[in-house]
Ligand code: NAD
């Protein structure tokens with residue numbers, strides 16, 4: 001009998017594991033993206049007074065998604081005037097009435113969360129798994145949370161009948177576009193302020209879609225205004241004389257420039273800036289759990305996270321064990337199409353950010369650190385960077401001191417808890433830290449010693465609207481989230 005020589009098709013395997021079948025989300029779920037956008041001022045979509053337009057691209061394909069206006073000083077002026085006009089009635093509304101609008105916005109965000117998650121992934125490059133499961137639930141949660149405060153401000157600890165500040169000028173970065181918008185707009189509105197918000201120039205689309213949601217919610221005109229553009233538009237907003245409060249999230253150099261600009265004025269300022277967090281693993285830590293936390297700490301959102309655990313401090317006695325397990329885990333990370341539900345690491349947000357990561361990692365090698373990445377294929381078009389690990393890093397290396405803001409981990413070692421604290425605090429930043437150990441007393445001792453706004457114990461990158469977030473030192477000042485987040489928008 002003739003033997004059947006045809007072999008069954010071999011399943012694709014990597015490292016002995018079956019490959020995942022693609023599970024693509026539909027880009028059409030993002031809804032209609034216009035070819036060009038103006039600003040959202042006084043409840044209307046309006047053209048810019050200038051003619052300059054910028055383009056936003058899909059970082060995973062480099063395709064242009066839309067053009068949007070480069071806001072001029074005149075545009076900013078119009079938006080601030082609209083916010084000022086709306087302030088009179090908005091601030092006079094009873095808190096319970098303001099809350100109704102915020103609850104409505106929160107519910108619409110939930111209803112439209114798939115659309116917003118897909119749009120965010122397309123504009124930002126972050127994996128749909130994260131926009132769907134992290135960004136969007138947190139965005140809605142922020143609006144729900146601050147809606148709850150709107151009629152309880154008398155009990156927030158700032159005296160009875162605390163007053164809003166007026167018009168808030170808010171400037172946000174590109175790493176969590178809609179979430180940073182929520183962090184800014186929800187507490188501002190709950191406390192009776194009106195806002196002009198400028199999204200980042202590489203990710204304006206979800207903020208413009210949010211403008212539609214404000215209309216859908218029937219928010220009074222002028223309470224929220226969105227002006228797009230780059231740093232010039234941002235500077236026009238933060239320096240505008242009729243803005244009472246400036247809230248900025250972004251890089252430390254720009255934060256420093258804004259602080260100088262505002263010195264001597266009566267504007268209230270909060271700054272959420274960069275970070276270089278230590279993720280500290282002790283020898284008694286549950287290693288597998290710690291490895292998951294290390295991966296989440298630095299590879300979540302491509303490492304474009306201000307509080308990323310970008311410095312791993314591992315106790316010398318478990319260094320080999322941790323690094324072996326970490327490399328095995330990194331080997332299983334899937335880098336690629338952000339709209340594939342299996343993707344762990346999406347695209348780098350822009351060519352400029354990719355160039356910065358490339359430059360800093362080259363400096364790491366030049367300074368003598370040892371570089372390792374898993375073998376993984378990267379897509380042809382778009383901006384990509386392999387998850388990367390540096391060992392043999394000293395505290396003087398640039399990769400241990402400067403914020404890389406990409407999927408790059410620098411590994412240092414320590415022997416004693418005191419040495420871990422000294423190394424962790426040896427940074428100009430102070431936004432977050434992680435501690436992995438079985439000892440509760442050590443967690444409390446470390447949390448007291450670490451100069452960081454947030455210390456996570458046996459977990460990392462956990463966010464909740466009820467919990468204040470903010471930095472020490474060059475990571476900024478002021479707190480967002482929780483009851484503390486109300487203070488930034490109240491005349492206390
Ligand atoms: P960036 O400072 O370059 O830009 C942030 C925003 O500021 C953008 O909207 C930009 O257009 C605007 N801007 C630029 N120059 C300005 C100026 N002179 N005046 C006013 N606005 C100006 O930062 P980025 O590269 O977009 O974001 C990455 C940085 O943001 C990282 O350092 C990161 O750590 C930080 N970040 C911090 C937090 C936090 O909560 N601490 C959260 C997210 C990001």
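Descriptive notes on the structure:
- Of all the criteria given as (1) part of a helix (DSSP H, G or I); (2) crowded, with 20+ Cβ neighbours inside 10 Å; (3) touching a strand residue (DSSP E or B) at 6+ places or on another chain (Cβ under 9 Å), the one not satisfied by residue 327 is (2).
- Which listed residue, of 227, 254, 291, is within 24 Å of residue 175 (Cα to Cα) and in contact (Cβ under 8 Å) with a residue 40 or more places away in the chain: 227
- Some residue of region 349-359 being under 24 Å from the mean Cα position of the chain (by Cα), part of a loop (DSSP other than H, G, I, E, B) and assigned by TED's automatic domain parsing to the domain that holds residue 443: yes
- Identity of the residue in region 467-485, in a loop (DSSP other than H, G, I, E, B) and more than 12 Å from the ligand (Cβ to nearest atom), that ends up surrounded by the fewest Cβ atoms within 10 Å (Cβ to Cβ): 467
- Condition met for residue 104 (surrounded by fewer than 22 Cβ atoms within 10 Å (Cβ to Cβ), part of a helix (DSSP H, G or I) and within 22 Å of the chain's Cα centre (by Cα)): no
- The number of residues in region 300-336 that are within 16 Å of the ligand (Cβ to nearest atom) and at negative phi comes to 9.
- If you go through region 240-259 and keep only what is closer than 21 Å to residue 491 by Cβ, in contact with a strand residue (DSSP E or B) (Cβ under 9 Å, 6 or more places away or on another chain) and more than 7 Å from the ligand (Cβ to nearest atom), you end up with 240, 242, 243, 244, 245, 246, 247, 259.
- Among residues of region 68-104, those that are in contact (Cβ under 8 Å) with a residue 60 or more places away in the chain, within 15 Å of residue 185 (Cα to Cα) and out of contact with any strand residue (DSSP E or B) (no Cβ under 8 Å at 6 or more places or on another chain), counted: 5
- Hits in region 446-466 (condition: free of Cβ contacts under 8 Å to residues at least 24 places away in the same chain and either surrounded by fewer than 16 Cβ atoms within 10 Å (Cβ to Cβ) or in a loop (DSSP other than H, G, I, E, B) (or both)): 447, 448, 462
The values are calculated or read from the model by the stated rules, or taken from the named source; none is laboratory data. Note that the structure is a prediction, hence the values are computed from the model and not measured. We place every Cβ from the backbone using ideal geometry, glycine too, and count neighbours over all the protein chains shown.
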